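Worksheet: one structure, shown below.
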Amino acid sequence: MDRRSFFSRLGALCGGVLVSAPAVAQAAPKQRIELQRSAVAGFQYHDGEKLWASLRIGDALTLAREADNVYDKRAVRVDWHGRKLGYVPRLDNASVSHLLDSGVPLEIEIVSLRESVNPWDRIGLAVHLIV
């Protein structure tokens with residue numbers, strides 16, 4: 001085999017791989033694995049009460065690390081449409097904070113809303129790993 005035919009075949013092989021890669025990526029649907037369920041801590045101290053009437057089960061939430069939080073070095077803030085609802089509880093935030101620090105994609109949603117005098121019973125959330 002001469003150089004010209006070698007590089008022609010190599011180019012054809014690489015071209016086939018490049019064409020196939022997007023098709024494989026599109027064929028694999030995202031899967032959600034539930035990592036944990038917990039309450040929203042600190043609900044009574046933030047915007048939760050003001051937003052209560054607008055919250056719905058299934059609403060997407062966002063998480064943000066607060067590594068400089070003086071009360072908890074693993075603090076993970078829970079937001080709804082950019083408004084602070086509270087935090088992932090300190091006892092439950094180790095794995096979530098580590099995953100966020102590592103850039104792992106997570107999806108979070110409201111799974112329960114309860115009219116309760118106990119602020120720890122008001123909002124339940126579920127954290128999902130995306131694979």
Near-label residues of region 87-108 by backbone N, under 19 Å of a point 7 Å along Cα→Cβ of residue 116: 87-93
Proximal lysines relative to residue 50, as straight alpha-carbon distance under 27 Å, when same-chain residues fewer than 8 apart are discounted: 84
Residue 64-residue 131 FRET efficiency (beta carbon distance; Förster radius 25 Å; 0.05 resolution): 0.70
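Computed from the coordinates by the stated procedures, all read-outs in this text should not be read as laboratory data. Fair warning: this is a prediction, and the values are worked out from it, not measured in the lab. Please note: Cβ atoms are built from the backbone with ideal geometry, for glycine as well, and neighbour counts cover all protein chains shown.
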